[in-house]
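Can you read through this structure? Questions will come right after.
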Amino acid sequence: MLEARKLRKEVSSPEGLLTILDEVSLAIHAGETVAIVGASGAGKSTLLALLAGLDEPSSGEVWVDGENITALDEDGRAAVRARRVGFVFQSFHLVPSLTALENVMLPLELAGRRDAREAASQALEEVGLGARVGHYPRQLSGGEQQRVAIARAFVTRPAVLFADEPTGNLDTATGARIADLLFQLNAAAGTTLVLVTHDRGLAARCGRIIEIDGGRLTGGA
Amino acid sequence: MRALRFALLALARDWRSGELAVLALALVIAIAALTGVGFFTDRVGQAVERQAAEVIAADLKLQASRAPSDDWLAAAAEAGLATARTLSFPSVVFLGEDSTLAAVRAVSEGYPLRGEVKVSAEPFAPPVIADGIPGRGEIWPDSRLLARLGAAVGDEVSLGAATLSITRVLDYRPDQGAAFVDLAPSLLMNLGDIPATQLIQPGSRATHAVLFAGAPADVRAFKARLQDEKLPGERLVDVAEASPQIQSSMERAGRFLNLSALITVLLAAVAVAMSARRYVRRHLDNVALMKCMGASQRLVLAATTTELALLAVMAAAAGAVLGFLAQEVLAWLLTDLIRGDLPPPTWQPALLGLATAATILVGFALPPLLQLRKVPPARVLRRNLEPPPLRYATAYLVAVAALLGLLFFLVRDARLVGWVAGGTVLALAVLGLAGWLMVLGAGRLRGGVGVSWRYGVANLARRGRESVVQVVAFGLGLMVLLLLSVVRGDLLDEWQASVPADAPNHFLINIRNDEVDAFGAFFTERGMAEPELFPMIRARMTAVNGTPMEERTLEGDRARNFSEREQNLSWAAQPQMGNRIVEGRWWDEADRGRHLVSVEVDYAEELGLKLGDVLSFDVAGEPLEAEIASLREVQWDNFRPNFFLVFSPGTLDGMIGTWLTAVNLDEAQRRELVALVRQFPSVSIFDLEAILTQVRQVGDQASLAVQYVFLFTLVAGVVVLLAAIQSTRDERAWESAMLRTLGASRRIVMAGVAAEFGVLGVLSGLLAAIVATVAGWALATQLFNLEYVVDLRVWLVGLLAGLLLVGGAGLLATRGVIRQSPVATLRRG
């Protein structure tokens, strides 16, 4: 389903070339739930960005559903994301000028779906926000914002869902409820889940834990 | 299709959430200012043109030695134009045994089509506006003719075979002109009496003319037709030829109005560029998110540009309506001040305004918007990822070029556009460089001062690139405001001073060599200053570099006229006041004995003369040769005697000529002219009062309009500046919130913001003052032919305006943000 082959990412910095990821290879099967854990700066987010095709590796390949997305240009990768990938972010990334409903409609509209409004309303119902469709992000609490983001991630029925510290900006109780919601929806849809976190408790709820340290995999691959 | 749908959605949503407010406001103001100024200058331009048209008593004049066909009158009537015929010829007028030569002007009903004839009941008495033209059997001679003949109102005189009675004294007719050749005293009579005089036979030396007047568009169309179909020997006369003074004044007025239009365009460009930057900054996250969700670069680009285009269309419509209303208000404010009604505006300014707005939008808003396409999608994970920085120089180069092309089309004044463009590019470069140096310097200042100051100034230095952009934008805005508010006053004062209150209002010509001493004494005996006399010799140009004039091919009626008619030559040791050498040099002692001539630049252009050409003349049978040593620009509207051809001292020695002078006479002194004419019968007096008044009126009317247009531009400029400041507030909001989270009090954060905006304002103000001074100098000396005096107020106003406008407005714009709870700001990220 999702495979990384000898991924390498280097960036230039004032101190010279900096290696962020070093020969990372891993395979994730359809329907699997995987947590990528590691300390700050270990390369978790970079790995996520590469797996999701948001960034290009310095060398190595990423395969999604049998397609080498490293060989595609940015628009090609965008098309893959549009069809198969959903995202949940630590800082929610809702568009401030759009209502909750419009935020959830956005990926459907980008995909050209005619039933965007109905599908989005239903997705918001599913995360328990049916009564707040017309609210703007600034009128919602953090937990509510993340629920909108989750509805937005699942509404396109993606094959893979990437979550970057989904509970990182929330208090413990809210975080736990968000995590429950995420795993419930994931189980119901049979989505492959790749979750980046340094919350061991959250990681433990996944089927597999991949550890990363200093740009190298140290366990779980 | 999807992009359009998406753009519509985005437009509606961004609009509802207020995201588009600043960009939309900048656009609306820019377009309103452009169309408003455009509409108004169009109307004032038409009014000034109409006023100037009085010089030929019509909008258009067809002149020939034979009467133009009646077909033209019929065709003109069909085209909706008013017409009148005139006939001018010299003839001797008799009163009993006394006789004198007079310039006869016979006119038909309807004359004059533009302006008014003024008459009085006795010579040199206060005039009143004439009601129509002289009746059949009547003549209206001027005061000089009456003085020559010793006639009075009520006398009967003979002209040819006809006997006519004097019913009025002609004081002024609009087309009497300001050229001082062939100046016999004149009389006005009815064209219907001409057959009775039996003076006009085939081959008579007479000038026939048909006058046309009507709506500007009709006149233009008719003029084009006349140009194509007129017979050989028929000549079209326009204002430029009829009165260089009025033309010169009009050109200046036009330049002032065009200048404010150009400045409005500049302001609009700055405003749009700044707000587009803000728009882009605020949309970086959204675009990254959209790409993350699978939007292609093309969709992002198409959706963004479509959204912009839709916004532009709406802003254009609103701006054009606003601009139209604004100019209506301007016109209403001016109703009591402008003589007569302003002609209605044409649609051209609206279209041009919209075209300009579109160019500005595409040129200055599109480059930053195109950046959105390149936003890395990984920005959703790492906020510090940004699109590659915009290369301003290359991005805006095309925009500036397109804008210049459009501006040229707008004002059709290559020199003005060239100077404004060169000035702007130079100003941008200087502002950019100086801004960079000052930001660098400010960064070093941060040690050893309070925390607020350090925070504010550190911000400036840290956002070096941003700060430079802001210094440039604010500096440019302030510079324009300075130019408009302070330098404008200087320019207008200078302009008005170019026709001084004591400008000569009478030309006295034909003073013989042996009369010179007695002539001077005539004035000193009466307690008046002795007038300065200028030599004048009549001559015809025979050849250029040995090629006879007949063999030279000349383009245009004006050039042919110049080459055929006799010219007034003069000589002088020093250049006349208001003359400026544009090529070559004036002679000095070393040139003694050489035969040199200085030629007026337009005259040289018409006749295709250049520096070093040798001109041959026939001076009453005597040959004369001289080499062109310099080309001169002449300030015609200062009303001093000026000559197309001025020779070096000694060149004209031995040639028989006369002298002329120009004097300023008040109402009481005018009465002495009767005595002057008696003592020096050969001297001709030419009354310039009327044309002087005309030039002053054109000037007053135009400068008044210019003041109001400048005021309008000024207001637009301030609003644009405020919008630009508004556009930088987001960048500061987040930092303020963070500082407050760290425990800084609101007061400290405010002081920091104040320090930052204050320094920014003072830097911009200082730079603006420098650039405005240079620009003011360039405008005055290079474009308007005026003196420029350095004005210290520019510096004071620049610094204060910078501090108050940029500092104050910045603080106001940021205050709202600081008042919010830091959490709200940070959460919005």
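Only the coordinates and a few stated rules stand behind these numbers; no lab work does. Quick caveat: nothing in here was measured; it's all calculated off a predicted structure. For neighbour counting, all protein chains shown are included, and Cβ atoms are generated from backbone atoms with ideal geometry for every residue, glycine included.
When the dipole is taken about the Cα centre of chain A, and only Lys, Arg (+1) and Asp, Glu (-1) are charged at their Cβ, what size is it in debye, to the nearest 20? Don't skip to the answer; put the middle values down first.
On the way: 22 positive and 28 negative charges, 93 e Å.
Result for chain A is approximately 440 debye, rounded to the nearest 20.
When B:LEU325, B:LEU188 are ordered from fewest to most other Cβ atoms inside 10 Å of their Cβ, what list results?
On the way: B:LEU325 13, B:LEU188 24.
Placing the least packed residue first, the sequence is B:LEU325, B:LEU188.
So which of A:LYS9/B:LYS374; B:LYS61/B:LYS118; B:LYS223/B:LYS610 end up more than 26 Å apart by C-alpha?
B:LYS223/B:LYS610
Given H placed on each backbone N at 1.01 Å, which residues far from B:ALA102 in sequence or on other chains put an amide H within less than 5 Å of it?
B:SER91, B:VAL92, B:VAL93
Rank B:LEU95, B:HIS208, B:LEU191 by how far each Cα sits towards the positive end of the charge dipole of region B:84-210 (+1 on Lys, Arg Cβ; -1 on Asp, Glu Cβ) and give me just the farthest.
Going by the charge dipole, the pick is B:HIS208.
I need the semi-axes of the equivalent ellipsoid of region A:102-169: take the C-alpha gyration tensor, multiply each eigenvalue by 5, square-root it, list largest first in whole angstrom. Intermediate values should be presented prior to the final figure.
Working: eigenvalues 68, 49, 18 Å².
Ellipsoid half-lengths, sorted descending, are 18, 16, 10 Å.
Within a 10 angstrom radius of each residue's Cβ in B:298-306, how many Cβ atoms of other chains show up on average? Whole number is fine. Each step should come with its number before you reach the end.
On the way: counts 2, 5, 3, 0, 0, 1, 0, 0, 0.
Mean inter-chain Cβ contacts per residue within 10 Å come to 1.
Across region A:2-219, how large is the tail of the calculated P(r) beyond 31 Å, expressed as a percent of all Cα pairs? Please report the intermediate quantities before stating the final value.
Details: 4732 of 23653 pairs.
So the pairs more than 31 Å apart make up 20 percent of the total in region A:2-219.
Right, another one. Show which aspartates and glutamates lie in cross-link reach of B:LYS291 when reach means a straight Cα distance below 15 angstrom and same-chain residues fewer than eight apart are skipped.
Counting by Cα, and skipping residues close in sequence, B:LYS291 has these aspartates and glutamates nearby: A:ASP55, A:GLU56, A:ASP73, A:GLU74, A:ASP75, A:GLU109, B:GLU386.
Find, to one decimal place in angstroms, the Kirkwood hydrodynamic radius of region B:506-687, where the mean of 1/r is taken over every pair of different Cα atoms and then inverted.
17.6 Å
Let me ask something else. Using every alpha carbon pair in region B:24-101, what percent of pairs falls into each 5 Å bin from 0 up to the bin containing the largest distance?
Result returned by the calculation: 3, 10, 11, 11, 11, 11, 10, 9, 7, 5, 4, 3, 2, 1, 1, 0, 0.
Continuing with the same structure: Which shape class applies to region B:84-210: rounded if a/c is under 1.5, otherwise prolate when a/b exceeds b/c and oblate if not, where a ≥ b ≥ c are the square roots of the Cα gyration tensor eigenvalues? Let's see the in-between values first.
Working: a/c = 1.33, a/b = 1.03, b/c = 1.29.
Here region B:84-210 falls in the rounded category.
Right, another one. Mean separation of Cα pairs under 8 Å and 6+ residues apart, divided by the residue count of region B:506-687: what relative contact order is that in percent? Can you show the working numbers first?
Values: 316 pairs, mean separation 67.7, N = 182.
Dividing the mean separation by the residue count of region B:506-687 yields 37 percent.
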